[in-house]
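Here the structure is laid out as structure tokens; the discussion comes afterwards.
The values are calculated or read from the model by the stated rules, or taken from the named source; none is laboratory data. Because the structure is predicted, anything quoted here is derived from the model rather than measured. Cβ: placed from backbone, ideal geometry, glycine included. Neighbour counts: every protein chain shown. Note: areas computed on protein heavy atoms with side chains; ligands, DNA, RNA excluded. Shrake-Rupley method; radii C 1.70, N 1.55, O 1.52, S 1.80 Å.
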Amino acid sequence: QVHLAESGGGLVLAGGSLRLSCEVSGGTFSHYAMGWFRQAPEKEREFVAALSWSGEDTYYGDSVKGRFTIFRDNAKNVMYLQMNSLKPEDTAVYYCAADRVYYGYYAHTYDYWGQGTQVTVSS
């Protein structure tokens, strides 16, 4: 059973930075494409970023391009999301997800999900 665990969320002032981590266990991490999604209260889950199994190919949502960076360390079974220049509209629960096939945009294609970590950006 593949298990994903997010960490690194918290409260930060607008303009600040946070780094989220997603630790994967129970599977071969390097075989999975990975993604980050977020969900704000009363909103649908939104694609944030994704990357291929090797980490060489990345894909970002328009709202975070140029501010967020996704990367992974296959030796440590961990994926990261470096978030810079945070805005109040980035406030959400952030989820990591694993896909056996592709680093896609659509949440329903992902096979495994973490429980989420809260990010709150105050103005």
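Data overview
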read-out: Accessible surface of the chain, 1.4 Å probe, proportion on carbon and sulfur as whole %; value: 47
read-out: Trypsin sites (Lys or Arg not before Pro) lying in DSSP loop within region 45-119, provided at most 14 other Cβ fall within 10 Å; value: Lys65, Lys76, Arg100
read-out: 11 Å beta-carbon shell around Asn84, net charge (K/R +1, D/E -1); value: +2
read-out: Accessible heavy-atom area order of Trp53, Trp36, highest first, probe of 1.4 Å; value: Trp53, Trp36
read-out: Unit Cα scatterers, Debye sum, the chain: log10 I(q)/I(0) for q = 0.14, 0.15, 0.16 Å⁻¹; value: -0.51, -0.59, -0.67
read-out: Under 5 Å, built H, 5+ apart or other chain: amide partners of Asp111; value: Ala98, Asp99, Arg100
read-out: Dipole-positive endmost among Gln82, Gly16, Thr58 within the chain (Cβ charges, Cα centre); value: Gly16
read-out: In nm, spacing of pseudo-spin labels at Asn84 and Gln39 (7 Å Cα→C-beta vector); value: 3.0
read-out: Protein-only accessible surface order, largest first, of Val12, Val48 at 1.4 Å; value: Val12, Val48
read-out: For the chain, built as a Gaussian network whose Cα springs stay under 10 Å, the top-fluctuating residue of Ala75, Ala107, Ala14; value: Ala75
read-out: Where only alpha carbons of region 75-123 are counted, the Rg and the Dmax (Å); value: 13.0, 39
read-out: GNM flexibility winner over the chain from Gly35, Gly27, Gly104 (Cα, springs under 10 Å); value: Gly27
read-out: DSSP-assigned coil residues among GluC sites (Glu not before Pro) in region 27-93, each with at most 14 further Cβ atoms within 10 Å; value: Glu42, Glu44, Glu56
